[in-house]
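Read the structure below first, then the notes.
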Amino acid sequence: MDGKRGVFPWSWPWCDINGKRLRPYQIFLSRKFSFTYLIIIWIIWIFVGNGPEKTCDYTNDMTSCIGGLWPTGLFDAPLHFFTSLVIAPIFHNSNEHIIFVSVGLMIFVQSFELRQGLLQTYFLFMLFTSITAITMAVIMNTLEIFLPGSQLLASGLSRNWMGGSAGFYGIIGASAHQTKNKWVVPSIAIGFESWNHFLHGISIFTSSAHMISLISGFIIWGYWTGNLGKSQN
């Protein structure tokens, strides 16, 4: 469902595309993926907990292995890596992480789903997650060849990566094409991520992953909708 384009492509989680308040069951039906995903990640967080970042014990704790993406696994254990692509978005490694992803879902993903529907939103969420994970794994493993002694790279390669932030950054990039000016939303996202990295202090790998996903969403959905090459009014 595509509505009239405004400055921002966002809607209140309890309203339809025109701002009309919905009944509870209508809210859920209009955003089935977003709310189902939120329910799943919080059930896992409450009953399973965070996924360990540094360990992978296949004998005693399969969750720590399949609940995250290990960059070296793209080449050392590709079947495990690609299986984890499906599972990693539902695991999170800290309170801050799951809250950040939940807020992103409640603002950006549910708004996109309201306009585009469940199937397109889910497909794009997983597509951007996969593109980001594979690209980051290739970059990190390639850099290790040229910078074998880098402690920064070693820290990134020795842990797993999980969560839904890569998916929702891709959705943010795609949602830029639901606005009057497609450059407004990416500019805001880049500004926020600059603060997130340089002032808040999140990992360069995390920020890079977010930007790869944002750009992927912007380019792929813009190309698919035919809006990428259009000039703004």
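The values are calculated or read from the model by the stated rules, or taken from the named source; none is laboratory data. Model, not experiment: these values are computed from the prediction. Backbone-built Cβ (ideal geometry, glycine too); neighbour counts: all protein chains shown.
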Of all residues making up the stretch 1-40, the number that are touching a strand residue (DSSP E or B) at 6+ places or on another chain (Cβ under 9 Å) and farther than 23 Å from LYS182 by Cα: 5
Unique residue being at pLDDT 95 or above and of a type in the set (A, V, I, L, M) when the list is VAL86, VAL103: VAL103
Looking only at the stretch 200-218, and only at residues there that are part of a helix (DSSP H, G or I) and among the polar types (S, T, N, Q), the one that is nearest to the chain's Cα centre (by Cα): SER213
Helices (runs of 4 or more DSSP H) completely within the stretch 1-76 that count 2 or more residues being modelled with pLDDT of 75 or more and touching a His at 6+ places or on another chain (Cβ under 8 Å): 32-47
Residue match in the stretch 186-199 (condition: under 25 Å from ILE87 (Cα atoms) and either aromatic (Phe, Trp, Tyr) or over 15 Å from the mean Cα position of the chain (by Cα) (or both)): no
Some residue of the stretch 182-191 being farther than 24 Å from PHE28 by Cα, loosely packed, with under 15 Cβ neighbours inside 10 Å and among the basic types (Lys, Arg): no
Test: residue in the stretch 107-120 that is among the small types (Gly, Ala, Ser) and out of contact with any Pro (no Cβ under 9 Å at 6 or more places or on another chain): yes
Flag for GLY191 being without any contact (Cβ under 8 Å) to a residue 24 or more places away in the chain and part of a loop (DSSP other than H, G, I, E, B): no
Of all residues in the stretch 214-229 being over 18 Å from SER130 (Cα atoms) and in contact (Cβ under 8 Å) with a residue 12 or more places away in the chain, the one that is surrounded by the most Cβ atoms within 10 Å (Cβ to Cβ): GLY222
Residue satisfying all of: in the stretch 89-135; among the polar types (S, T, N, Q) and outside any helix (DSSP H, G or I); surrounded by the most Cβ atoms within 10 Å (Cβ to Cβ) among these: ASN93
Yes/no for THR142 being within 20 Å of the chain's Cα centre (by Cα), hydroxyl-bearing (Ser, Thr, Tyr) and part of a helix (DSSP H, G or I): no
Every residue from the stretch 145-159 that is in contact (Cβ under 8 Å) with a residue 12 or more places away in the chain and more than 20 Å from SER84 (Cβ to Cβ): LEU152, LEU153
Residue match in the stretch 170-180 (condition: surrounded by 19 or more Cβ atoms within 10 Å (Cβ to Cβ), of a type in the set (Val, Ile, Thr) and within 27 Å of ILE99 (Cβ to Cβ)): yes
Failed criterion for MET211 (all others in (1) closer than 22 Å to ILE98 by Cβ; (2) touching a residue at least 60 places away in the same chain (Cβ under 8 Å) hold): (2)
